[in-house]
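Undergrad: The structure is given below, and queries will be raised subsequently.
The values are calculated or read from the model by the stated rules, or taken from the named source; none is laboratory data. For clarity, every value in this text was computed on a predicted model and none was experimentally measured. In this analysis, Cβ positions are derived from the backbone assuming ideal geometry, glycine residues included, and neighbour counts consider all displayed protein chains.
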Amino acid sequence: MRDFVFSHNSIIFAFDNHSKPSMKLFRYGLFTIAAIHLITSCTSFEEGSYISFKSAEARIEGTWELNKVMINDLCNDSIKNEEASNYLVFAGDGSFQIETRRNGNLAYTRSGCWNYNSESQYLNYTIEGDTLVSHYYIKRLTSKEMWLVLEKNDLLRNQSSIEKRFIKQ
C-alpha cells in the first residue's frame, strides 16, 4: 500500500514498510498451488469421490443395495433382477454378509469376511464354506455410492467387465 507524503510543492510516493505486497502475493499463490495439488491428489478412485475425510474402509462399511448392473458399459436388467434381493453388508471388524430379502423381509444370510487393498483399489470378500474369493475393482466410492467392477476373461471375448452399482441404505 502506498502512503502519500506531502512536500512543499510536490507529492512524493513512498512504500509503507509494514506492508509487503509482493510477499503477500507470493504466499497467496503458494497456498493456492498447494490447495489445488491437495484436491487433485485426493482423487484415488476412477470416478470419484474427489475428496473425502473418511477412509475408504469407513465408506465401504454399511448396507448396500444393488441399483444398476452394466456389462461392457451396457445396462443388464436380467442380472440386476436376479440379484436385486441381495444386500451386501460390510462391518468395520472385517465381517461380511449377503442378506437375501423376500418381500422386504430377511429370508436368509450368508456370512464371510472382507478386506480392501488401498494400493490396487480392490475389494475382496469370501463367503464361509466357499473357496471362491470375489475380487472387485472399486471404480467409484462415495458415502452413498459404490461401483464395483469384475473383469472376466472368457472364450468368446478377450475380456469383459461386469459393473455393479450400489447405493447405501
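Undergrad: Can you pull out every residue in the stretch 18-76 that is modelled with pLDDT under 90, loosely packed, with under 12 Cβ neighbours inside 10 Å, under 20 Å from residue 121 (Cα atoms) and among the hydroxyl-bearing types (Ser, Thr, Tyr)?
TA: Scanning the stretch 18-76 gives 40, 41.
Undergrad: Please verify whether residue 95 is within 19 Å of residue 59 (Cβ to Cβ), modelled with pLDDT under 95 and surrounded by fewer than 17 Cβ atoms within 10 Å (Cβ to Cβ), treating the condition exactly as stated. Let's see the steps before the verdict.
TA: On the way: within 19 Å of residue 59 (Cβ to Cβ): yes; modelled with pLDDT under 95: no; surrounded by fewer than 17 Cβ atoms within 10 Å (Cβ to Cβ): yes.
For residue 95, the condition - within 19 Å of residue 59 (Cβ to Cβ), modelled with pLDDT under 95 and surrounded by fewer than 17 Cβ atoms within 10 Å (Cβ to Cβ) - is not met.
Undergrad: Let me ask something else. Of all residues in the stretch 101-132, which are part of a strand (DSSP E or B) and without any contact (Cβ under 8 Å) to a residue 12 or more places away in the chain?
TA: Residues of the stretch 101-132 part of a strand (DSSP E or B): 101-102, 105-117, 122-127.
Across the stretch 101-132, the qualifying residues are 105, 106, 108, 117.
Undergrad: When you scan the stretch 153-169, do you find a residue that is within 22 Å of the chain's Cα centre (by Cα), surrounded by fewer than 17 Cβ atoms within 10 Å (Cβ to Cβ) and free of Cβ contacts under 8 Å to residues at least 60 places away in the same chain, even just one?
TA: no
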